[in-house]
Amino acid sequence: MPTPEYVLKLREHIGHDPLVLIGVTAVILREDANEVRVLLGRRSDNGALAPITGIVDPGEEPATAARREALEEAGVDIEVERLAWVHQLPRRTHVNGDQVDYLDLTFRCRWRSGDPVPSDGELTEVMWRRLDDLDDLGSDDLRKRIELAVSGTGATAFGGAESASVEGGGGREVE
């Protein structure tokens, strides 16, 4: 995955020490013949199946980042409908030793136009999948992001992967 230039410049000063970054997940939904599908992509770095994700650029609104990532990675135009989940991901250490703490903002998005295609090399394939066909997602955390975005509550869940609950318990929700 390409690393944003500003992150590379920060790394010149802090080395591999933990860096806090804001990430976005765009759970892009499309309704076809009374069936809802979600747009997923196969990541080129590890082969995992995931929704569209990315890093918020300095000064960029998070919802704008979600729209930008959808266009850059999958060639689709979307409408960001609502914020579904705010949660801190566990610290990740990349293969080069860089440590990152991502605060993820998961958005429920609606497909507007464009045929999904891998556009910038971050994904090897993109596809529409039925909501009952997500067993091969890259992680339970990704599955939870989709579940919370699909839920019709309109509430935003706050909390870590271990505390947010699709059934209504756990993570705090605010309308």
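The values are calculated or read from the model by the stated rules, or taken from the named source; none is laboratory data. These figures come from a predicted structure and were not determined experimentally. Using ideal geometry, Cβ is built from the backbone for each residue, glycine included, and neighbour counts are taken over all protein chains shown. Calculation scope for accessible area: heavy atoms of the full protein, side chains included, ligands and nucleic acids excluded. Shrake-Rupley method; radii C 1.70, N 1.55, O 1.52, S 1.80 Å.
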> Out of curiosity, is residue 15 at positive phi and open to solvent by less than 40 Å² (accessible area, probe 1.4 Å)?
Replying inline: yes
>> Could you tell me how many of the residues in the stretch 1-34 are within 27 Å of residue 143 (Cβ to Cβ), free of Cβ contacts under 8 Å to residues at least 12 places away in the same chain and either in contact with a helix residue (DSSP H, G or I) (Cβ under 8 Å, 6 or more places away or on another chain) or of a type outside the set (Asp, Glu) (or both)?
In response: 3
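Of all residues in the stretch 58-68, which are under 14 Å from the mean Cα position of the chain (by Cα) and open to solvent by 10 Å² or more (accessible area, probe 1.4 Å)? So that I can check it myself, show each step before the final result.
Taking the stretch 58-68 as the starting set, the residues that turn out to be under 14 Å from the mean Cα position of the chain (by Cα) are 62-68.
Residues satisfying the conditions are 62, 63, 64, 67, 68.
Let's see how each residue does on (1) loosely packed, with under 15 Cβ neighbours inside 10 Å; (2) out of contact with any Pro (no Cβ under 6 Å at 6 or more places or on another chain); (3) among the basic types (Lys, Arg):
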position: 3; (1), (2), (3): yes, yes, no
position: 76; (1), (2), (3): no, no, no
position: 87; (1), (2), (3): no, yes, no
position: 98; (1), (2), (3): no, yes, no
> With (1) under 25 Å from residue 4 (Cβ atoms); (2) part of a loop (DSSP other than H, G, I, E, B); (3) without any contact (Cβ under 8 Å) to a residue 40 or more places away in the chain as the list, and residue 135 as the residue in question, which single condition is left unmet?
Replying inline: (1)
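If you check 24, 36, 20, which single one turns out to be buried (at least 20 other Cβ atoms within 10 Å of the Cβ), among the hydrophobic types (A, V, I, L, M, F, W, C) and at negative phi?
Just a single option satisfies the conditions, and that option is 24.
Quick one: in the stretch 39-56, of everything that is assigned to a loop (DSSP other than H, G, I, E, B) and either open to solvent by 60 Å² or more (accessible area, probe 1.4 Å) or at pLDDT 95 or above (or both), which residue is nearest to residue 84 (Cα to Cα)? I'd like the intermediate steps shown before the answer.
Quick first cut of the stretch 39-56, residues assigned to a loop (DSSP other than H, G, I, E, B) only: 44-48, 51, 56.
Still in the list and also either open to solvent by 60 Å² or more (accessible area, probe 1.4 Å) or at pLDDT 95 or above (or both): 45-46, 51, 56.
On the way: 45: 26, 46: 26, 51: 14, 56: 17 Å.
If we take residues in the stretch 39-56 being assigned to a loop (DSSP other than H, G, I, E, B) and either open to solvent by 60 Å² or more (accessible area, probe 1.4 Å) or at pLDDT 95 or above (or both), then 51 is nearest to residue 84 (Cα to Cα).
Of all residues in the stretch 11-31, which are under 17 Å from residue 94 (Cα atoms) and either of a type in the set (Lys, Arg) or within 23 Å of the chain's Cα centre (by Cα) (or both)? I'd like the intermediate steps shown before the answer.
In the first step, residues of the stretch 11-31 are kept if they are under 17 Å from residue 94 (Cα atoms); the result is 11-12, 14-23.
Selection gives 11, 18, 19, 20, 21, 22, 23.
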> Within the stretch 100-129, can you find the residues that are surrounded by 12 or more Cβ atoms within 10 Å (Cβ to Cβ) and charged (D, E, K, R)?
Replying inline: 101, 104, 108, 110, 112, 120, 122, 125, 129
